[in-house]
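Chemist: The structure under discussion is supplied below as structure tokens; questions concerning it will follow.
The values are calculated or read from the model by the stated rules, or taken from the named source; none is laboratory data. Note that this is a predicted model, so its numbers are computed, not measured. Neighbour counts are summed over all protein chains in view; Cβ atoms, including those assigned to glycine, are modelled from backbone coordinates with ideal geometry.
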Amino acid sequence: HSREHTQTQCCGLFTFISKFHPVAVHFPIALVIMALVAEILFALTRKDLFDHSAHFLLPAGAAAAIPAAMLGLLAAASANYPAPLSDILQQHRWFGLGAAIVTLTAAVLQRFSARKTTHLWVYRAALLIAVLLISYTSHLGGTLIYGIDYFKL
């Protein structure tokens, strides 16, 4: 009996913690998108401000992506969506994990690119892919909250 009680408390705690996913997920979204904006502005202007900004924003976004993804996995474990939203949840889960992994990869590539042309373009491509994955994953998350037709005109 005490084991069942402990499991219930544990699951209840995880369910409670998972409710912070919507709060936590907005930080990496904003930080990584702004890292791409800063990187584009640096490429266009060569101003150090934008280079320094990108070197702050992307690692911060990558670090914030870890708890956001973990909270998302917890939230998905306790979610109960009807079809077709259950399929969208699975897509959201996998694209979200992919976005987190690509974001972390982009941050590592940024660190080691040392502004060498080939490495720089690989890093920038990874950053762009991360933003595209984040954008699509965000759309899927919005669909889970607002419904399939939320973006319909």
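Chemist: Being among the hydrophobic types (A, V, I, L, M, F, W, C), in contact with a Pro (Cβ under 6 Å, 6 or more places away or on another chain) and closer than 25 Å to Phe16 by Cα narrows it down to one of Ala64, Ala100, so name that one. Break it down into steps so the answer makes sense when it comes.
Modeler: On the way: Ala100 fails: in contact with a Pro (Cβ under 6 Å, 6 or more places away or on another chain).
Checking each option against the conditions leaves just Ala64.
Chemist: Does any residue of the stretch 64-84 turn out to be of a type in the set (A, V, I, L, M, F, W, C), on the phi < 0 side of the Ramachandran plot and more than 18 Å from the chain's Cα centre (by Cα)? Quick ask: steps written out before the conclusion?
Modeler: Quick first cut of the stretch 64-84, residues of a type in the set (A, V, I, L, M, F, W, C) only: 64-66, 68-71, 73-77, 79, 83.
Going one step further and asking which of them are on the phi < 0 side of the Ramachandran plot, we end up with 64-66, 68-71, 73-77, 79, 83.
With more than 18 Å from the chain's Cα centre (by Cα) added as a condition, the list becomes 79, 83.
Yes.
Chemist: Within the stretch 112-141, can you find the residues that are touching a Phe, Trp or Tyr at 6+ places or on another chain (Cβ under 9 Å), surrounded by 13 or more Cβ atoms within 10 Å (Cβ to Cβ) and either at pLDDT below 95 or more than 27 Å from Val23 (Cα to Cα) (or both)?
Modeler: If the condition is that a residue be touching a Phe, Trp or Tyr at 6+ places or on another chain (Cβ under 9 Å), surrounded by 13 or more Cβ atoms within 10 Å (Cβ to Cβ) and either at pLDDT below 95 or more than 27 Å from Val23 (Cα to Cα) (or both), then Ser113, His119, Tyr123 are the ones that fit.
Chemist: Looking for something touching an Asp or Glu at 6+ places or on another chain (Cβ under 7 Å), modelled with pLDDT of 95 or more and either over 20 Å from Leu41 (Cβ atoms) or charged (D, E, K, R) (or both) - is there at least one such residue anywhere in the stretch 80-88? Before you say what the answer is, go through the steps one by one.
Modeler: Step one: filter the stretch 80-88 for residues touching an Asp or Glu at 6+ places or on another chain (Cβ under 7 Å), giving none.
No: the stretch 80-88 contains no residue that is touching an Asp or Glu at 6+ places or on another chain (Cβ under 7 Å), modelled with pLDDT of 95 or more and either over 20 Å from Leu41 (Cβ atoms) or charged (D, E, K, R) (or both).
Chemist: Among what's in the stretch 13-29 and is of a type in the set (A, V, I, L, M) and out of contact with any helix residue (DSSP H, G or I) (no Cβ under 8 Å at 6 or more places or on another chain), pick the residue that is farthest from Leu140 (Cα to Cα). Give the derivation first.
Modeler: Looking only at the stretch 13-29, we keep the residues that are of a type in the set (A, V, I, L, M), and these are 13, 17, 23-25, 29.
Filter once more, keeping what is out of contact with any helix residue (DSSP H, G or I) (no Cβ under 8 Å at 6 or more places or on another chain): 13, 23.
Numbers: Leu13: 26, Val23: 16 Å.
Looking at residues that are of a type in the set (A, V, I, L, M) and out of contact with any helix residue (DSSP H, G or I) (no Cβ under 8 Å at 6 or more places or on another chain), I get Leu13.
Chemist: Step by step: first the residues of the stretch 9-54, then only those that are of a type in the set (Phe, Trp, Tyr) and surrounded by 18 or more Cβ atoms within 10 Å (Cβ to Cβ), then the one that is nearest to Leu120 (Cα to Cα). Which residue is that? Walk me through how you get there before you give the answer.
Modeler: Filtering the stretch 9-54 down to residues of a type in the set (Phe, Trp, Tyr) leaves 14, 16, 20, 27, 42, 50.
Subset that is surrounded by 18 or more Cβ atoms within 10 Å (Cβ to Cβ): 42, 50.
Values: Phe42: 12, Phe50: 15 Å.
If we take residues in the stretch 9-54 being of a type in the set (Phe, Trp, Tyr) and surrounded by 18 or more Cβ atoms within 10 Å (Cβ to Cβ), then Phe42 is nearest to Leu120 (Cα to Cα).
Chemist: Output the number of residues of the stretch 101-111 satisfying the condition of being β-branched (Val, Ile, Thr) and surrounded by fewer than 20 Cβ atoms within 10 Å (Cβ to Cβ).
Modeler: Residues of the stretch 101-111 that are β-branched (Val, Ile, Thr), as a first pass: 101-103, 105, 108.
In the following step, the residues that additionally are surrounded by fewer than 20 Cβ atoms within 10 Å (Cβ to Cβ) were identified as 101, 105, 108.
Number of matching residues: 3.
Chemist: Can you confirm whether Leu57 is among the hydrophobic types (A, V, I, L, M, F, W, C), crowded, with 16+ Cβ neighbours inside 10 Å, over 30 Å from Cys11 (Cβ atoms) and touching a Ser or Thr at 6+ places or on another chain (Cβ under 9 Å)? Spell out how you get there, then give the answer.
Modeler: Values: among the hydrophobic types (A, V, I, L, M, F, W, C): yes; crowded, with 16+ Cβ neighbours inside 10 Å: yes; over 30 Å from Cys11 (Cβ atoms): yes; touching a Ser or Thr at 6+ places or on another chain (Cβ under 9 Å): no.
No, not satisfied.
Chemist: Please go through (1) in contact (Cβ under 8 Å) with a residue 60 or more places away in the chain; (2) within 13 Å of Val25 (Cα to Cα) for Ala63 and return the number of the only condition it doesn't satisfy.
Modeler: Here Ala63 clears every test but (1).
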